[in-house]
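> Input: one structure, supplied below.
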Amino acid sequence: MIEKVYQNQGDEKVTVFILTVCIVLLALIVGFIRLKIPKKRKISKEQYRILYTFGECEILLRKKNWYLKEFEGDSDYPKLKNLFDDLSNFQKGYAKAAMNTPIILKKPHSPYSAAYVGTKVGGTAVGIVAAEQAKEKQIAYEQSLKAVCSADSEKRHSINRIENCCGTILKIIRKKEHLKNDWNKEKNTIKSNLEEEYKMMLGSKP
């Protein structure tokens with residue numbers, strides 16, 4: 001009887017041990033899977049629009065020669081060629097504006113705060129110098145803000161031109177059924193790629 005009790009206790013320990021090992025292994029597997037799956041970056045509706053527009057732009061420019069060849073001898077050919085030239089220039093314009101976007105300087109203390117701290121630390125003379133330095137930093141900070149706003153405005157203008165140009169090109173391309181079908185596939189590819197890497201923020205829909 002005693003031997004049977006010990007045997008049952010031993011069986012229970014083995015069962016508990018096996019269950020514990022299974023749980024640990026399951027936790028490790030789940031953790032490994034989570035590490036392997038890249039976290040999607042959250043983006044706004046506007047960011048999605050920009051990324052999608054760039055996707056369209058890159059594919060259209062990549063297929064430019066094929067599309068133009070398909071419209072050789074067509075009345076839309078001259079217009080389509082000019083649109084592709086414009087699209088290339090608009091893309092370069094956005095890239096230039098993006099590269100020239102300055103960094104916003106760190107917001108400095110106000111001259112009054114700087115004067116107060118300076119006076120506390122080193123007296124009136126130090127307070128006056130600190131206030132003057134704060135004024136100079138404030139001016140530089142405001143100039144950096146204006147420069148960033150100007151660059152952002154140029155980027156918005158460029159992306160709007162790219163978007164409008166892509167839309168006009170696509171209206172012409174879709175006149176030919178086989179090109180329309182080809183573009184529908186490309187459009188789905190752009191969306192799939194974006195969905196793999198990004199997640200729309202709550203309340204934002206493309």
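> Within a Cβ distance under 12 Å of I169, other residues only, what is the Lys/Arg minus Asp/Glu net charge?
Taking every other residue near I169 into account, the sum is +2.
> When all protein chains stay in place, what accessible area (Å², nearest 10, 1.4 Å probe) is found for E196?
My reading of the accessible area for E196 is about 130 Å².
> If you don't mind, there's one more thing I want to ask. How charged is the neighbourhood of D76? Take every other residue with its Cβ under 12 Å from the Cβ of D76, and add Lys/Arg as +1 and Asp/Glu as -1.
+3
> What is the sum of charges around A97, taking Lys and Arg as +1, Asp and Glu as -1, for the other residues whose C-beta is under 14 Å from the C-beta of A97?
Values: positive: K92, K96, K155, R156, R161; negative: D152, E154.
Summing Lys and Arg as +1 and Asp and Glu as -1 gives +3.
> Kindly flag which residue pairs out of K63/K199; K146/K187; K146/K191; K69/K199 have an alpha-carbon separation exceeding 31 Å in this structure.
Listed pairs above 31 Å: K146/K187; K146/K191; K69/K199.
The values are calculated or read from the model by the stated rules, or taken from the named source; none is laboratory data. Predicted model only: the values in this text are computed from it and were never measured. Using ideal geometry, Cβ is built from the backbone for each residue, glycine included, and neighbour counts are taken over all protein chains shown. Each accessible area value is taken on the protein alone, full model and side chains, heavy atoms only, with ligands, DNA and RNA left out. Shrake-Rupley method; radii C 1.70, N 1.55, O 1.52, S 1.80 Å.
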